[in-house]
Every structure is written in C-alpha cells, then in structure tokens.
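This report concerns only the one structure given below.
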Amino acid sequence: MPPAPKLAYTREHILHELQQQEQNCQREIGLVVVGHVDAGKSTLMGRMLVELGHVTDREHHQNVRNSSKAGKGSFAYAWSLDSSEEERAHGVTIDVAHDTFRTERTLFHLLDAPGHKDFVPNMISGAAQADAGVLVVDAITGEFESGFSPQGQTREHATLLRSLGVQQLVVAINKLDAVAEPEQAYLHIRGALQAFAREAGIEPAAIVPVSALKGWNVVEAGQAQPGWCGYVGPTLLEILERLQIG
C-alpha cells in the first residue's frame with residue numbers, strides 16, 4: 001500500500017485561513033436608529049457619517065454655514081440626514097432617512113427613524129427592514145423622564161423593535177456632555193433602562209454613554225476624558241462592529 005499523501009496544510013492552518021477570509025468579507029447589516037423626539041438621533045448618526053468620511057468636509061462645512069444662517073447651528077450634523085426643507089425648518093425627522101456607511105468589515109444600511117409620536121408608523125416601516133437597532137436616549141434632566149414616561153417614545157420604540165423581530169438593541173445615552181454630573185446621570189439612566197429591559201424581556205447588547213455634539217465615544221474613545229462617566233468599554237462604532245448577522 002502506497003504511503004498516505006503528505007498534507008500540504010495542517011488543520012489549524014486551514015481553519016486560520018477560513019477565519020481570515022470570514023473577517024475580510026464585507027458583512028451587511030440593516031441598522032435602524034430610534035428614540036424620543038429631540039434625543040439627538042440624526043445628530044449622532046450624522047456625526048458618525050462625518051467622522052467616517054461618508055460626508056465630505058465640504059458638505060459638512062456647507063451644513064454648518066447653512067444651519068447657522070437659519071439659527072440652528074447645533075443641527076449641522078443632523079442636516080447630513082435631515083435633508084428636506086420641512087425637516088430642517090422644524091428640526092425633526094419626518095420620513096425615514098436612508099444612508100450607508102462602511103467600516104473595515106461591515107456595510108451598514110442606515111435607517112434614521114422619526115421620533116415624534118405623530119410619525120410612529122414611519123418608524124415602524126423603518127424598523128421592519130432592520131437587523132439591529134440603536135435606541136438613543138436624552139440624558140438631560142427632565143428630557144429623559146419625558147421620553148421614558150408612558151407618553152414618551154423611549155419605552156414604545158424599544159418594545160416595538162422587539163415585536164418587529166429586531167433582536168439586537170444597542171442603547172446610546174446621549175447629551176451627557178450637557179449635564180452637571182454625567183457619571184451620576186449615566187448610572188441612573190442605565191439602571192432605569194436595565195430594569196425596564198428585564199421587565200419587557202429585552203436584552204440590550206450594550207448601553208454606552210455618548211455625546212453626539214462633541215463626538216465623545218461615537219467613533220473614538222480618546223475624544224473624552226479617560227473613564228468618562230465611569231465607562232471604559234468600547235465606543236458606539238466598535239459595538240456596532242460586533243453585531244451579529246441574522
């Protein structure tokens with residue numbers, strides 16, 4: 001009997017090659033962004049689009065100039081997504097805004113859903129197309145309570161995402177740069193959200209503190225002080241990169 005042929009590659013080498021191919025493959029994820037009106041959803045995602053280079057410097061500078069002329073300078077990042085005259089005039093998202101952005105491994109199909117209670121059907125249409133969701137929460141005192149109340153959209157949007165089959169939910173607690181004691185606010189809101197999630201049968205993939213306006217913890221962690229809000233975990237973008245497909 002002739003000797004068995006010598007294997008050119010070990011099992012470990014083949015598994016390593018397959019893993020490398022999988023890592024280099026461009027994944028695609030549908031991502032819907034929801035939350036109570038004025039929580040900063042469009043500003044947060046507009047900031048991400050700008051920092052990743054999917055909105056050019058020229059386009060962003062034009063949005064900065066035009067929003068300042070309209071007396072809405074803080075909406076410059078949001079205008080990357082809220083492009084209609086009506087949305088810019090009222091400062092709210094009305095229709096589901098569609099965009100895409102790429103990271104090294106993933107192509108995200110972004111759906112920025114309206115937060116106002118009058119546009120919940122529009123939010124549902126966006127969420128129905130998504131693999132994962134980002135729930136944006138306003139940390140400013142009074143605003144969190146308003147959104148988290150029975151009349152607010154925070155609870156409603158989280159519950160709707162779950163009922164629509166969106167299994168992966170990331171919570172971004174926004175505007176923590178605008179509160180007097182950000183760490184205390186973050187821990188309080190995180191605790192309230194975790195208690196609600198347990199009751200509703202929802203298990204968030206992560207709860208991350210961010211500042212959409214300043215860019216803290218959105219793409220890079222180093223833009224805020226180390227341990228900002230007592231948080232030393234991954235940025236929002238890093239969390240999104242860890243989402244599973246299907």
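Things to note:
- Residues in the range 185-202 that are aliphatic (A, V, I, L, M) and open to solvent by 40 Å² or more (accessible area, probe 1.4 Å): L187 only.
- Within the range 46-62, residues that are in contact (Cβ under 8 Å) with a residue 60 or more places away in the chain and outside any loop (DSSP other than H, G, I, E, B) sit with their Cβ atoms under 9 Å from residues that are aliphatic (A, V, I, L, M) and open to solvent by 70 Å² or more (accessible area, probe 1.4 Å), at 6+ positions apart or across chains, in these pairs: R47/L213.
- Being at pLDDT 60 or above and either in a loop (DSSP other than H, G, I, E, B) or more than 22 Å from the chain's Cα centre (by Cα) (or both) holds for only one residue in E22, E17, E12, and it is E12.
- Hits in the range 208-220 - residues which are under 12 Å from the mean Cα position of the chain (by Cα) and open to solvent by 20 Å² or more (accessible area, probe 1.4 Å): V219
- Complete set of residues in the range 221-246 that are open to solvent by 40 Å² or more (accessible area, probe 1.4 Å) and free of Cβ contacts under 8 Å to residues at least 24 places away in the same chain: A221, G222, Q223, Q225, P226, V232, E238
- A185 modelled with pLDDT of 90 or more and over 18 Å from the mean Cα position of the chain (by Cα): yes
- Listed conditions (1) in a helix (DSSP H, G or I); (2) modelled with pLDDT under 75; (3) buried (at least 22 other Cβ atoms within 10 Å of the Cβ); (4) among the charged types (D, E, K, R) are all met by R88, apart from (3).
- Residue within the range 59-82 that is among the acidic types (D, E) and either within 24 Å of P209 (Cα to Cα) or at pLDDT 85 or above (or both) present: yes
The values are calculated or read from the model by the stated rules, or taken from the named source; none is laboratory data. In this text, all values refer to a predicted model and were calculated from it rather than measured experimentally. Note: ideal-geometry Cβ built from the backbone for every residue, glycine included; neighbour counts use all protein chains shown. Please note that ligands, DNA and RNA were not included when accessible areas were found on the heavy atoms of the full protein model with its side chains. Shrake-Rupley method; radii C 1.70, N 1.55, O 1.52, S 1.80 Å.
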